[in-house]
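K.L.:
The structure follows.
The values are calculated or read from the model by the stated rules, or taken from the named source; none is laboratory data. The structure displayed is predicted, hence computed values, not measured ones. Note that we place each Cβ from the backbone using ideal geometry, even for glycine, and neighbour counts take in every protein chain shown.
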Amino acid sequence: MAEVEKAISICVEQGRSLSLSMMRGLHATLMKDVPERPKRPIRAGDFRGVTDKMEAGGVKYLTKHMSPAWRVESDVSTLLESIERGALVSERLHAAGRFHYRFVRIHPFCDGNGRMARALSMFLLAREHPDVLTFEKPMNRIILEHREDYVGVLEYCDSIYEDLKNSDVPEEERLSLAEEPFSDFHAKVFLKAYRQHNESVHRELEEETGMSLSPFPLEPPGLYDLSLEAIKESHPWNETLKEAVILASQRRS
């Protein structure tokens, strides 16, 4: 991952936009030394092909509903266009999380999709917040420390999408609603990494100067809680909310 982070840093310095060629190049770098396993081809730097047989491990609905191989490049291109013109959401902090969720749903590569989603969302954040590339504990590591919650939130988002799939709610509206819990989770990861970085800088300054600086502010309750339970509490979903969403969508149409 360090080699990918270095490549991302160079892309940020050059002011590059997220493109298919950049994505393929990062995937080739990320997966070049990963050995293939039965039913898990690598195809480093290439999208899934129609003959590739693989499964999306860890997330219940993805294997059945991820983009078919023949549509992968088109779906990825549409996603890249959306993120570059700010169509997902204007605030980059939440746009990166929404991109992450949609990228995982497309599942464009045979393997390494989670790692790519985390790398690309970091690139999107780094364009607005370059410090993200210098955090003492990278966001990717924090996510992996909370892997069960990370997968659980993705699964929760997918369950919301699936619950609305047979309704008249438009596709973009379903996606936008379903991805909100993960967008919140991803933003909390950023805030947690940012706080830990600042705490580290605070300690280093005290050690270097020999001075006792003002105490670091206490953590606001719940702000950095990455548990699936906390996300569900902030983004509840039930039959009553489902009916309200469907009714509101019908009134707008």
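K.L.:
Please determine, by comparing only the residues of the range 236-253 that are of a type in the set (Val, Ile, Thr) and under 27 Å from ASP149 (Cβ atoms), which one is surrounded by the most Cβ atoms within 10 Å (Cβ to Cβ). Give the steps one after another, and end with the answer.
P.N.:
Kept after step one, since they are of a type in the set (Val, Ile, Thr), are these residues of the range 236-253: 240, 245-246.
In the following step, the residues that additionally are under 27 Å from ASP149 (Cβ atoms) were identified as 240, 245.
On the way: THR240: 9, VAL245: 19.
Checked the range 236-253; the qualifying residue surrounded by the most Cβ atoms within 10 Å (Cβ to Cβ) is VAL245.
K.L.:
Could you please find all residues in the range 185-235 being of a type in the set (D, E, K, R), within 27 Å of TYR150 (Cβ to Cβ) and either out of contact with any helix residue (DSSP H, G or I) (no Cβ under 9 Å at 6 or more places or on another chain) or not in a loop (DSSP other than H, G, I, E, B) (or both)?
P.N.:
Correct list: LYS188, LYS192, ARG195, GLU199, GLU229, LYS232, GLU233.
K.L.:
All but one of (1) loosely packed, with under 12 Cβ neighbours inside 10 Å; (2) modelled with pLDDT under 85 hold for MET54; which doesn't?
P.N.:
Condition (1) is where MET54 drops out.
K.L.:
Please specify each residue of the range 156-169 satisfying the condition of being part of a helix (DSSP H, G or I) and over 13 Å from the mean Cα position of the chain (by Cα).
P.N.:
Of everything in the range 156-169, those that are part of a helix (DSSP H, G or I) and over 13 Å from the mean Cα position of the chain (by Cα) turn out to be TYR156, ASP158, SER159, ILE160, TYR161, GLU162, ASP163, LEU164.
K.L.:
Among the residues of the range 202-236 satisfying the criterion of being closer than 21 Å to VAL189 by Cβ and of a type in the set (A, V, I, L, M, F, W, C), which is farthest from the chain's Cα centre (by Cα)?
P.N.:
The extreme case among them is PHE216.
K.L.:
Something else now. Of the conditions (1) at pLDDT 90 or above; (2) touching a Ser or Thr at 6+ places or on another chain (Cβ under 9 Å), LYS137 fails just one. Which one is it?
P.N.:
(1)
K.L.:
Let me ask another. Kindly list the number of the only condition in (1) out of contact with any Phe, Trp or Tyr (no Cβ under 9 Å at 6 or more places or on another chain); (2) surrounded by 13 or more Cβ atoms within 10 Å (Cβ to Cβ); (3) modelled with pLDDT of 85 or more that fails for ILE8.
P.N.:
Only one criterion in (1) out of contact with any Phe, Trp or Tyr (no Cβ under 9 Å at 6 or more places or on another chain); (2) surrounded by 13 or more Cβ atoms within 10 Å (Cβ to Cβ); (3) modelled with pLDDT of 85 or more is unmet by ILE8, namely (1).
K.L.:
Shifting gears a bit: Within the set of pairs 6+ apart or on separate chains, which have a first residue in the range 208-228 that is surrounded by 10 or more Cβ atoms within 10 Å (Cβ to Cβ), a second that is assigned to a loop (DSSP other than H, G, I, E, B), and C-beta atoms under 7 Å apart?
P.N.:
Between residues of the range 208-228 that are surrounded by 10 or more Cβ atoms within 10 Å (Cβ to Cβ) and residues that are assigned to a loop (DSSP other than H, G, I, E, B), the close pairs are LEU226/HIS146.
K.L.:
Turning to a different aspect of this structure: Only residues that are in a helix (DSSP H, G or I) and surrounded by 15 or more Cβ atoms within 10 Å (Cβ to Cβ): list them for the range 11-24, please. Walk me through it before giving the result.
P.N.:
Taking the range 11-24 first, the residues in a helix (DSSP H, G or I) are 11-13, 20-24.
CYS11, VAL12, MET22, MET23, ARG24 - these are the residues of the range 11-24 that are in a helix (DSSP H, G or I) and surrounded by 15 or more Cβ atoms within 10 Å (Cβ to Cβ).
K.L.:
Can you confirm whether HIS197 is under 23 Å from LEU120 (Cβ atoms), surrounded by 14 or more Cβ atoms within 10 Å (Cβ to Cβ) and in contact with an Asp or Glu (Cβ under 6 Å, 6 or more places away or on another chain)?
P.N.:
yes
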